1. Could you check what % of the DSSP bridge pairs in the range 1-151 are antiparallel, to the nearest 5?
2. Taking +1 at the Cβ of each Lys and Arg and -1 at the Cβ of each Asp and Glu, which of THR117, VAL135, SER26 sits farthest along the dipole of the chain towards its positive end, judged by Cα position relative to the Cα centre?
3. Write down the accessible area per residue of the chain in Å², having rolled a 1.4 Å probe over the full set of protein chains.
4. Can you give me the % of accessible surface on the chain that is carbon or sulfur? Probe 1.4 Å, all protein chains present, nothing else counted.
5. If the cut-off is a Cα-Cα distance under 19 Å, which lysines reach LYS101, setting aside same-chain residues fewer than 8 apart in sequence?
6. With +1 assigned to the C-beta of every Lys and Arg and -1 to the C-beta of every Asp and Glu, and no other charges, what is the dipole magnitude of the chain about the Cα centre in debye, to the nearest 20?
7. Cut-off under 28 Å on the C-alpha distance; same-chain residues fewer than 8 positions from LYS2 excluded. Which lysines are left, in chain and number order?
8. For ILE229, what is the net charge nearby, where nearby means another residue's Cβ is under 14 Å from its Cβ and Lys, Arg count +1, Asp, Glu -1?
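The values are calculated or read from the model by the stated rules, or taken from the named source; none is laboratory data. Keep in mind that what you see is a predicted model, and the values were worked out from it rather than measured. Every residue, glycine among them, receives a Cβ derived from its backbone with ideal geometry; neighbour counts consider all protein chains shown. What goes into the accessible areas is simple: the full protein's heavy atoms, side chains included, and nothing from ligands, DNA or RNA. Shrake-Rupley method; radii C 1.70, N 1.55, O 1.52, S 1.80 Å.
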Amino acid sequence: MKPNILLLPGLLNDASVFTDQVAALSAMSTVEVGDLSIAETIPELAASVLKLASAKHFVLLGLSLGGYVAFEIMRQAPERVSGLVLMDTTARPDTPEASAKREALIKLAATDLDAVTEQLLPLLSHPDRINQPAVRGVIQSMASSLGKEIFERQQRAIIGRPDSRPTLKSITCPTLVICGQDDQITPPELAKEMATGIKHAKLELIAQCGHLATLDQPELVCGLLLDWIKDKKF
């Protein structure tokens, strides 16, 4: 039986952020990308993902916002998750400073979402990758497709996310933590915190890689995922 893999994208991301990973993983797995655009809060997003998921049991991968939802899925239905991948995310709640920046971006997005995307791009990608069409073009396309209403809804869900650090010790399934070495949004020390808090978690840091590792270093991410899934024999 092929394992089922459920991928959860980040803020203003759709399935395009996982194009290379879906192609690589589909050779050995059944792959599905969850929709994080249709609910108001992290608990509601998790519930909607669980309701719409085709498979009863799956390996769950959460990227950034998807990681916050993955933590909530681990609280709501841990029995459905056979393995967990946390990528460029954090177990911590939003800080007041971060929330204030999000509110400013929400205000700007109401009149100029393109300006928001331009502000975020240097935080999302490594300087050596940012101007590649497969990075900049994909990020801009996803943002334009999803739009300002979804941006606001997702940002408010992120602002209101719970602190997942107290529940790290309750995660017992095989876990892989991946982080870009140059991630400015959720830097490596936050990845190390998660990997330390989760029993038997494996940590992988990717060089020359920003926040959206699936776009900055797609081949390396695919290799890490394929090797880990084969090793764990899901």
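1. Numbers: 0 of 14 bridges.
Restricted to the range 1-151, the bridges split so that about 0 percent are antiparallel.
2. The one lying farthest along the dipole's positive direction is SER26.
3. Values: 10380 Å² over 234 residues.
Normalised by residue count, the accessible surface of the chain is 44 Å².
4. Values: 5620 of 10380 Å².
Carbon and sulfur atoms account for 54 percent of the accessible area of the chain.
5. LYS148
6. Working: 23 positive and 28 negative charges, 174 e Å.
Charge dipole of the chain: 840 debye, to the nearest 20.
7. Within reach: LYS51, LYS56, LYS199, LYS202, LYS230, LYS232, LYS233.
8. Values: positive: LYS2, LYS202, LYS230, LYS232, LYS233; negative: GLU204, ASP227, ASP231.
Counting the neighbours of ILE229, the net charge comes to +2.
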